[in-house]
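Written out below as structure tokens is the structure these notes cover.
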Amino acid sequence: DFGAGDIPLTGSYYEQLQDAGREVVHFPFLLGAMNFFHNVPGLTFPLNMSACVLAKVFDRQITTWDDSEILTLNPSLSVPSGQDIFVYHRVFGSSTTSGITSYLHAACPSIWGADKVGSTITWAAGTLEAQGSGNMAAALSSVEYAIGYIDSGHGFDDGLLEVDLQNADGHYQTSAQAFANGGVALAADEAVRLGIIPSSPTDTFENVSLINMPGNVTWPIVAVSYIYANVDQTSAQETGALLKAMMEYIISDEGQALMGDYNFVSLPHSGVAVAQAAIDALVLSPNVSQWTYEPSSSTAPGTGQEDYVMSGKRTNWFAYAIENNADGIEELTTSVEEDYATDSALDSLETRVEDVEDYIDNEDDDDDDDKLRVAHNLAVGALILVILNIVFTIVVACWLKQKIGSLATSQPSSYAPKQFVSGGAQQQDFDAVSEASDLSDLQLVGNEKL
């Protein structure tokens, strides 16, 4: 039902559509700038570049940064002698390649011929490839002394360094300066004034180009983004009606105000008129309902809440439901937060309990160790007492034997027989000691005498 792109349909595509009985419109909806970006380290002043110098750089006729033609435009430029220029270009089909090559040809046709214009071209040997805007940005940010090209919005977002590009009036500026001065929109105004943009949206836009338009602050490389749509939207039914409503919103004040958020430029009034003509050319099925739009900045009393109205004020039922239940949602949120706080407190308490239990377990282990140490000490003490008792017994036994022996040798001879009369007290003592069978028996005798 529709498509979109940054390049007008080529003449051959347009003719094929015409031959098939399909009439299409070009619906312009925003403007975008492109520029050359570089990575010359330590540069604190503008890097001026003309179309012819850039054409020679990208054609590898100029290969070093200290080339005399570059230094003529930038007399303060100081780079290592013979420093190579690393030239990066896009691969496959690229609308940025189309815009850049169109500029080089329009501004310097003697160096950059028409055969080198298009979304895909044959590049000079020694240049380097970068697939997609992301890889181009990565190369420019990481490779010192590199140069390449990218849409300005992407370059701004990635913090890349622009060249100061020469426009048709000979003025050097960056695309950021042109944005601020309205130079991008001026390119569209000039194209309408010069009749470059067709008066009918169903005509071919093959030759529409906003490249190298005149003007002191006009930016020289400007692309237009289009929606391509079939004029006959009857077979699309409701989709056709929605497409028309979307196109109407895009060119509304509210829709165009969004372009700056994405580093694009809104259409000037002359461009909006061309876009409105494309909307008016659409033919919808008579059986579908027309959609309308209520902007957020104003209210359509009564009708704004009807069916088939896209409202910037009322958004959708879910947003209404959320707003209508704001108090309940806030209360529930508070309750959830309190529950979370309670859960956190319980978790903290559980952790503390676990710490206490671990401490008690450690203390129990210490108590067990103390008990073992006490038992061990008691056992050692008991063993020592037993050993001392044995030693004491042996000493007493030896003493008793010695004492008895000394008594026997010290008595008179007349007494001796009496002394050993059978049944006498001393004889009984001697017999008891002599007949002791072990130490314990001897200990009993000794204790009795003691």
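Points worth noting:
- The set of residues from the range 176-190 being farther than 16 Å from residue 151 by Cβ and hydrophobic (A, V, I, L, M, F, W, C) comprises 180, 185, 186, 188.
- Hits in the range 1-34 (condition: in contact (Cβ under 8 Å) with a residue 40 or more places away in the chain, of a type in the set (A, V, I, L, M) and surrounded by fewer than 16 Cβ atoms within 10 Å (Cβ to Cβ)): 4
- Some residue of the range 203-214 being modelled with pLDDT of 95 or more, surrounded by 16 or more Cβ atoms within 10 Å (Cβ to Cβ), assigned by the TED database to the domain that holds residue 104 and over 19 Å from residue 7 (Cβ atoms): no
- Some residue of the range 158-169 being surrounded by 16 or more Cβ atoms within 10 Å (Cβ to Cβ) and at pLDDT below 95: yes
- Residue 235 fulfils the conditions (1) open to solvent by 40 Å² or more (accessible area, probe 1.4 Å); (2) farther than 26 Å from residue 13 by Cβ except for a single criterion, (2).
- Taken together, the criteria exclude residue 318 from residues that are open to solvent by 20 Å² or more (accessible area, probe 1.4 Å) and at pLDDT 85 or above.
- Scanning the range 143-187 for residues that are part of a loop (DSSP other than H, G, I, E, B), under 22 Å from residue 63 (Cβ atoms) and acidic (Asp, Glu) yields a count of 1.
- Note on the range 172-194: among residues that are open to solvent by less than 40 Å² (accessible area, probe 1.4 Å) and among the small types (Gly, Ala, Ser), the one that is farthest from residue 153 (Cα to Cα) is 191.
- Which numbered condition residue 197 fails, given (1) crowded, with 21+ Cβ neighbours inside 10 Å; (2) under 26 Å from residue 53 (Cβ atoms): (2)
- Within the set 297, 285, the sole residue that is open to solvent by 40 Å² or more (accessible area, probe 1.4 Å) and either out of contact with any Phe, Trp or Tyr (no Cβ under 8 Å at 6 or more places or on another chain) or of a type in the set (Val, Ile, Thr) (or both) turns out to be 297.
- Qualifying residues in the range 44-92 (those that are free of Cβ contacts under 8 Å to residues at least 60 places away in the same chain and among the basic types (Lys, Arg)) - the one nearest to residue 173 (Cα to Cα): 56
- Here the helices (runs of 4 or more DSSP H) wholly within the range 38-142 that include at least 2 residues being in contact with a helix residue (DSSP H, G or I) (Cβ under 7 Å, 6 or more places away or on another chain) and surrounded by fewer than 20 Cβ atoms within 10 Å (Cβ to Cβ) are 68-73.
The values are calculated or read from the model by the stated rules, or taken from the named source; none is laboratory data. If you're wondering where the values come from, they're calculated on a predicted model, not measured in any experiment. Don't worry about glycine lacking a Cβ; one is built from the backbone with ideal geometry, like all the others, and counts go over all protein chains shown. Ligands, DNA and RNA are excluded from the accessible area calculation, which covers all protein heavy atoms including side chains. Shrake-Rupley method; radii C 1.70, N 1.55, O 1.52, S 1.80 Å.
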